[in-house]
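Nothing in this text is a laboratory measurement; each read-out follows from the coordinates by a stated rule. Keep in mind that what you see is a predicted model, and the values were worked out from it rather than measured. FYI the Cβ positions are ideal-geometry reconstructions off the backbone, even for glycines, and counts take in every protein chain you see.
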Amino acid sequence: MREMNFYPGPSRVYSSVPEYIYEAYMEGIMSINHRSDEFMTLMESTKKILRERLLIPDDYEIAFTSSATECWEIIAQSLTQKGSQHFFNGSFGEKWASYAGEIVQTKISQFGINEKLPTGDISKDIDVLCVTQNETSNATQVAMKSLEMLRVENEDKIIAVDVTSSVGGVMIDFKLADVWYASVQKCLGLPAGLGLMILSPFAVQKAEKMAVRNRYNSLLHIIENTRKNQTTYTPNVLGVYLLNRTQEASKGIKTIAEKVENRFKAYEAFFEENGDFQFLISNPAVRSHTVLALESKEVELLKSQARNRGLILGNGYGPWKNSTFRIANFPAIKSREVEKLIEFFKKAI
Ligand SMILES: *Cc1c(COP(=O)(O)O)cnc(C)c1O
């Protein structure tokens with residue numbers, strides 16, 4: 001690839017992807033029927049590999065969707081009886097709340113970008129709690145410790161967590177929530193067009209209890225199908241295949257998370273030493289390690305100079321569009337690309 005892409009999604013795909021696409025074509029994967037034994041074997045194997053590589057508990061179900069966005073609606077339609085409470089400090093969490101608000105009662109719990117998850121004020125008439133664990137728009141993250149507090153204090157509620165830009169890059173303790181969802185074009189290093197849903201036994205029970213069947217993506221249908229290693233509609237078979245091959249080749253989340261963490265530390269050390277850059281998130285405890293947002297006086301100039309050297313920086317997002325740029329710290333990015341980027345910043349300042 002000519003360009004080194006640090007955009008936080010869609011982002012760099014694993015360099016093995018072209019080879020796997022070629023093999024998928026040669027093996028006829030792109031044309032298999034999604035009710036065939038061949039597909040069911042692929043799906044079963046993909047779920048098994050994901051479970052092993054990402055350390056997903058044995059009693060959690062794994063299902064495929066089309067995107068993370070689709071999961072917002074699935075959670076509101078198929079898992080929310082009374083209402084959902086939304087904790088967010090950025091654009092993705094806000095959009096989730098607004099989609100859910102069209103379907104069910106919602107309560108908004110907004111918090112500051114440098115604040116911890118506010119776990120105290122939980123409404124009585126709410127049965128689903130919604131958290132964006134890694135807020136890609138402003139590069140904040142919710143610590144597993146905070147999710148643990150939320151879990152301990154709300155055993156009776158469904159906790160749903162958006163891990164779109166963290167799953168596959170950081171260690172996640174899946175026992176701390178009931179619904180985890182993501183799409184594959186961020187830390188999983190694949191082309192967009194496939195979503196992932198990971199469900200606790202409690203979430204499955206709730207879907208069975210609500211028994212919503214009148215939606216094209218009713219969760220009960222999704223669960224019944226995934227248990228047969230099928231999907232409700234014709235899925236992105238190539239995406240499933242690529243997930244299978246890339247995860248099979250992966251050393252597992254522990255090793256990957258260590259690599260991501262070391263790179264984050266290198267970035268942090270560099271930017272904290274340089275007065276020309278400031279982390280948008282000043283509180284290191286809530287700073288994302290997979291997406292970095294940096295303030296600079298010369299954002300536009302930096303982006304264009306970087307582009308001239310084949311380095312694509314991410315734009316700022318929403319209210320931070322003009323004052324910040326973002327860097328994806330995703331596993332598929334090569335070490336030499338990270339080195340090139342840091343070298344570029346050294347010369348630019
Ligand atoms: C990218 C992203 C989404 C949306 O993903 P789609 O694949 O476009 O549905 C949702 N939430 C977060 C946190 C994201 O980073």
Margin query: Rounded to the nearest 20 debye, what is the charge dipole size of the chain about its Cα centre when +1 sits on each Lys and Arg Cβ and -1 on each Asp and Glu Cβ?
Written below: 540
Next item on the list: Could you calculate the FRET efficiency of residue 211 with residue 347 from 1/(1 + (r/R0)^6), where r is the beta carbon distance between them and R0 is 41 Å, rounded to 0.05?
Entry: 0.10
Next item on the list: Indicate, rounded to the nearest 5 percent, the antiparallel portion of the DSSP beta bridges found entirely in the chain.
Entry: 50
Item checked: Charge dipole (the chain, unit charges on Cβ, about Cα centre) - positive-most of 22, 76, 87 -> 22
Item checked: Value of Rg to Rh for the chain (Rh from inverse mean 1/r over Cα pairs, i.e. Kirkwood) -> 0.97
Check: Tell me, what is the percent relative contact order of region 98-167, built from C-alpha pairs under 8 Å that lie six or more residues apart?
Finding: 34
Checklist line | CD proxy at 222 nm, helix term only [per DSSP H run n ≥ 4: -39500 (n - 2.57); per residue of the chain; nearest 500] | finding: -12500 deg cm²/dmol
Margin query: If neighbour count is taken as other Cβ atoms inside 10 Å, put 187, 71 in order from fewest to most.
Written below: 71, 187
Item checked: Over the chain, relative contact order from alpha-carbon pairs under 8 Å, at least 6 apart, % -> 26
Checklist line | Semi-axis lengths, Å, region 1-89, gyration tensor of Cα atoms, sqrt of 5 times eigenvalues | finding: 29, 22, 14
Next item on the list: Work out the FRET efficiency for residue 321 and residue 98 from their Cβ-Cβ distance, taking R0 = 25 Å, and round it to the nearest 0.05.
Entry: 0.85
Checklist line | Counting all C-alpha pairs of region 63-111, share separated by more than 12 Å (%) | finding: 59
Check: For region 45-128, what is the largest minus smallest coordinate of the Cα atoms on each principal axis, given in angstrom and ordered from greatest to least?
Finding: 40, 30, 24
Notebook entry, point to check: Along the positive direction of the dipole of the chain (beta-carbon charges: Lys, Arg +1; Asp, Glu -1; about the Cα centre), which of 229, 197, 271 reaches farthest?
Noted result: 271
Margin query: Can you compute the FRET efficiency between residue 23 and residue 122 using 1/(1 + (r/R0)^6), with r the Cβ-Cβ distance and R0 = 51 Å? Round to the nearest 0.05.
Written below: 0.55
Margin query: Name the residue from 217, 98, 165 whose Cα lies farthest towards the positive end of the charge dipole of the chain, charges +1 on Cβ of Lys and Arg and -1 on Cβ of Asp and Glu.
Written below: 165
Check: Shape of region 95-220 from its Cα gyration tensor (a ≥ b ≥ c, root eigenvalues): rounded if a/c is under 1.5, otherwise prolate when a/b > b/c, or oblate?
Finding: rounded
